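Scroll down for the structure; my scribbles are underneath it.
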Amino acid sequence: MADPSLFLAPMVYHYGWSLEDADRIAQGTVVGHLLECAGQICGGYFADPGIKDVPDLANIGFPYADINSTGRAVIGKVAGTGGLISLATVKEQLLYEVTDPTGYVTPDVVADFTAVCLREAGSDQIEVSNGRGRRRPQALKVSIGYQAGFLGEGEISYAGSNAVARARLAGEIVRERVQHRCGDLRVDYIGSTSVHRQSFWPDAKPYEVRLRVAGKVPTRELAELIGEEVEALYTNGPAGGGGARKYVNELIGIVSTLIPRNKVTTHVTVLE
């Protein structure tokens with residue numbers, strides 16, 4: 001079941017839509033996709049101070065949709081709640097987590113978002129119409145969990161003059177000490193290059209940086225070693241390290257695959 005399906009189901013039930021009506025099901029899926037992330041369409045995740053300002057985020061409202069029998073909907077939020085609903089917030093949500101706007105695949109339909117029409121219908125109200133779609137896929141996506149070993153992590157902070165260089169030296173020390181036993185190792189410099197793995201402003205010199213070393217390993221013993229080596233940097237590494245922490249977590253991996261729809265049997269249990 002896809003997230004939009006939770007919103008599509010009551011539309012199908014209430015209006016008696018045929019599941020073979022691809023355009024109607026696609027329009028309902030568009031509405032469900034817009035609603036599924038709650039406060040996001042009301043400005044959450046959209047907000048960027050000074051660039052895309054959103055009022056009263058601390059009291060953000062959640063969206064609702066008034067939907068007619070054709071699937072045409074007006075997205076709104078309760079009066080007096082924080083946030084905002086605008087063409088910009090709806091457009092961002094429409095494209096959120098969408099790899100191919102011409103073929104958004106769900107168990108119910110393959111929706112085409114490229115013809116969707118958005119129109120301002122009032123204050124904090126956007127009308128949504130014209131979703132189109134193709135027949136539902138004959139295969140369903142399933143996610144399977146498996147035991148994937150352990151994750152060992154260690155963190156320590158460096159601040160002040162030359163903080164980045166000291167953090168890099170600390171990372172190199174830990175890597176040299178454990179790389180031969182923990183092949184799948186990642187070293188991040190949080191506050192410097194941990195997200196994009198590079199700086200787009202080469203002249204930037206952060207005053208503080210947090211070193212994070214993490215490794216995916218087969219045993220708990222090896223996972224513990226990573227954090228212990230980071231903690232050892234207090235006295236065995238460069239100057240000024242502080243605030244060390246270490247973690248060990250067992251990992252459950254996820255692999256996704258496709259199976260024929262006719263191999264899936266649906267059961268419904270009603271709890272009273």
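Coordinate-derived values only; no laboratory data. Please read these numbers as outputs of a predicted model, since none were measured by experiment. A quick note on method: Cβ atoms are made from the backbone with ideal geometry, for glycine too, and the neighbour counts reach across all protein chains shown.
The residues C37, C42, when put in order of fewest to most other Cβ atoms within 10 Å, stand as C37, C42.
Sequence-distant contacts, meaning Cα pairs under 8 Å at least 6 residues apart, place the relative contact order of segment 142-267 at 45 percent. Relative contact order for segment 17-157: 27 percent, from Cα pairs under 8 Å spaced at least 6 residues apart, divided by residue count. Kirkwood's formula applied to the C-alpha pairs of segment 41-189 gives a hydrodynamic radius of 20.2 angstrom. Loop-located trypsin sites (Lys or Arg not before Pro) across segment 95-140 with a Cβ neighbour count of 16 or fewer within 10 Å are R135, with loop assigned by DSSP. Counting only Cβ charges, +1 for Lys and Arg and -1 for Asp and Glu, the dipole size of the chain around its Cα centre is about 600 debye. Exposure proxy shown here: for H33, H196, H14, H267, the number of other Cβ atoms within 10 Å sets the order, fewest to most, as H267, H196, H14, H33.
Put in line by how crowded their Cβ is, counting other Cβ atoms within 10 Å and starting with the fewest, D23, D3, D53 read D53, D3, D23. Starting from the Cα gyration tensor of segment 170-271, take the square roots of the eigenvalues, sort them a ≥ b ≥ c, and report rounded, prolate or oblate (rounded when a/c is under 1.5, otherwise prolate if a/b is larger than b/c, else oblate). The shape class here is prolate. Cα centroids of segment 123-162 and segment 29-104: 18 Å apart.
Computed on the Cα trace of segment 92-156, the radius of gyration divided by the Kirkwood hydrodynamic radius gives Rg/Rh = 1.23.
Once C-alpha pairs closer than 8 Å and six or more residues apart are averaged by separation and normalised to the residue number of the chain, the relative contact order reads 18 percent. Here segment 1-119 is described by how far its Cα atoms reach on the three principal axes: 46, 29, 26 Å, from widest to narrowest.
Between helix 22-35 and the chain there is an angle of about 50 degrees, using the helix long axis and the longest principal axis of the Cα atoms.
Considering only V195, T219, G71, and ranking their Cα positions along the charge dipole of the chain that arises from unit charges at the beta-carbon of Lys, Arg, Asp and Glu, the one farthest toward the positive end is T219. Calculated on C-alpha atoms, the gyration radius of the chain divided by its Kirkwood radius gives an Rg/Rh of 1.10.
Among the chymotrypsin sites (Phe, Trp or Tyr not before Pro) within segment 170-272, those in coil by DSSP and having at most 15 neighbouring Cβ atoms inside 10 Å are F200, Y207. For E172 and R220, what does the FRET efficiency come to when R0 = 30 Å and r is the distance between their Cβ atoms, rounded to the nearest 0.05? FRET efficiency, E172 to R220: 0.70.
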